[in-house]
Amino acid sequence: MDSPSYFVAVAAVELGFFKREGIDIEFVYKTTEGPELMREGKLDFIGGPAFASTRAFPAWKGVKLLCALSRYSYWFLAVRATLDVKRGDMEALKGLRISAAMSWPGMGLEFMLKDAGIDCERDKVTLVPPPPAYGDKGFMARNGVDAIKQDIADAYWGNGMRVALGESLGIAKMHLDLRRGDGPPAARFYNFAALTTSDRLIEEHPDVAAGAVRAIVNAQQALRKDPSLATGIGERLFPADEAELIAELIRRDAPFYDADISHEAVDGLMRFATGYGLIPEPVAYDALVATQFSHLWKPIEGPRTQPFILE
């Protein structure tokens, strides 16, 4: 939930952009259950990794990507602040213990290391699970910092909030930012944050699907213009230390807030999904993306883009 990339979907709900489209919607935090709940008909939209739904919908059969929440892979690697390494140096990862959630983020880490020519056994790179989640919602952003503090890892992998917390405490520093070109050249195209919905919703309620795309586009535009809108949402939904950081993270990542799903992005996603074994063969662009709504991906300037902040 605290990923600056996924945050666009949360903001579209919390700032009232879905409501402006006449859509009665509730934000539900279900990080580990989203695809399964959508398969059961208990969720209408998922804001998360573009590949996430393959867990419950093999090769995306039964679902479509409506739009992007943000562009490019949003995974980062932070290292212990005291390590004398140059940012972006892949060789520096050899011999390190790296903490990563062994689900979706861990897939990206393993694939990136292999793409960079690093063999974990040969190069003595150890991937370790993070400490347990914390709080009533199972927050995970501090897990990277905790892994270093508990000396179970020398580095950690995850979203931008994890790195920001480590930097703010002086415990960790940025080493890889895939979105901005660190790591193997293809890494920035492994994944992107997307809004996923079911084929059934698109067929039965195309007006709702279209309204959802407009809500996301308007939220992206509002956050680009005023990142401070994120602070109030963070104060309602996040631990205090994360709420303090979210507006600056939104300001940093706002240039990537674009609803467009390019063919290049899908080609990169297919390379990752087939390479990791999530799907047996690439899926065609038109079979993955709800292209009938692509004309809505570009913002329309005017009063509709102003947020209606829910009380």
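Using all Cα-Cα distances in the stretch 188-244, what percent lands in each 10 angstrom bin from 0 up to the longest?
Percent of pairs per bin, in order: 19, 30, 36, 14, 0.
Using a 1.4 Å probe over the heavy atoms of the protein chains, calculate the carbon and sulfur portion of the accessible area of the chain as a whole percent.
That fraction is 51 percent.
Compute from the Cα atoms of the stretch 1-155 the Rg and the Dmax, the latter being the longest Cα-Cα distance, and quote both in angstrom.
When restricted to the Cα atoms of the stretch 1-155, Rg and Dmax are 18.0, 56 Å.
Give the whole-number value, in cubic angstrom per residue, of the convex hull volume spanned by the C-alpha atoms of the stretch 96-242. Intermediate values should be presented prior to the final figure.
Numbers: hull volume 23.2 nm³, N = 147.
In the stretch 96-242, the Cα hull volume divided by residue count equals 158 Å³.
Report, ordered by chain and residue number, the aspartates and glutamates lying within cross-link reach of Lys225, taken as a straight Cα distance under 14 Å and ignoring same-chain residues fewer than 8 apart.
Qualifying aspartates and glutamates at Cα under 14 Å: Glu248, Asp253, Asp258, Glu301.
Compare Glu121, Glu40 by solvent-accessible area with a 1.4 Å probe and give them largest first, with all protein chains kept in place.
On the way: Glu121 165, Glu40 105 Å².
The ordering from most to least exposed comes out as Glu121, Glu40.
Return the Rg/Rh ratio of the stretch 192-311 with Cα-based radii and a Kirkwood Rh.
Reported Rg/Rh (Cα atoms, Kirkwood Rh): 1.02.
Which values of log₁₀ I(q)/I(0), to two decimal places, follow from the Debye formula for the chain at q = 0.08, 0.09 Å⁻¹ with a uniform point scatterer at every Cα?
Calculated log10 I(q)/I(0) at the listed q: -0.34, -0.43.
Over 32 Å between C-alpha atoms is what I'm after, so list which of Lys86/Lys114; Lys86/Lys298; Lys124/Lys173; Lys42/Lys114 land there. Display every interim value, and only then the final one.
Values: Lys86/Lys114 20 Å; Lys86/Lys298 38 Å; Lys124/Lys173 22 Å; Lys42/Lys114 37 Å.
Table pairs above 32 Å Cα-Cα are Lys86/Lys298; Lys42/Lys114.
The values are calculated or read from the model by the stated rules, or taken from the named source; none is laboratory data. This is a predicted model, so every value here is computed, not measured. When the accessible area is computed, the model is the full protein with side chains, heavy atoms only, and any ligands, DNA or RNA have been set aside. Shrake-Rupley method; radii C 1.70, N 1.55, O 1.52, S 1.80 Å.
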